[in-house]
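So the structure is just underneath, and the comments pick up after that.
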């Protein structure tokens, strides 16, 4: 099943779709060179950038996120969205703070407070409405 079929299946159920976020990502492609900045969070660094698309009634369509994210950003998203009290582990990257970035600086993609990993929340506009 491809991504389009999964998205259309989720959208076919309005009640389910109203609370859905689908993240479409690819594996990092085994050895391709990435000229982008890689944070030295551990021996391996965060790895190369990967393309990712967020599809949701809450996503900000047409928005390109320049926040420094990586695979643990998915975990940070879940922890923040569901207001979990604990993180995956004491040594996991999801414990890192969200990045503070200079949008107009020379190094707009390099967090000032590194090591820091985003939580993908800049890709969404959640409405804080009371549900009945």
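Annotations for the structure displayed:
- Residue in region 5-19 that is at pLDDT 80 or above, within 15 Å of residue 121 (Cα to Cα) and crowded, with 16+ Cβ neighbours inside 10 Å present: no
- Of the residues making up region 43-58, just one is modelled with pLDDT under 90 and not in a loop (DSSP other than H, G, I, E, B), namely 52.
- Number of positions in region 96-110 that are modelled with pLDDT of 90 or more and over 14 Å from the mean Cα position of the chain (by Cα): 1
- Restricting region 60-78 to residues that are outside any loop (DSSP other than H, G, I, E, B) and surrounded by fewer than 17 Cβ atoms within 10 Å (Cβ to Cβ) leaves a set whose member that is farthest from the chain's Cα centre (by Cα) is 78.
- Annotation for region 108-122: at least one member residue is assigned to a helix (DSSP H, G or I) and out of contact with any strand residue (DSSP E or B) (no Cβ under 7 Å at 6 or more places or on another chain).
The values are calculated or read from the model by the stated rules, or taken from the named source; none is laboratory data. Not measured: the values here are computed from a predicted model. Note that each Cβ is placed from the backbone with ideal geometry, even for glycine, and that neighbours are counted across all protein chains shown.
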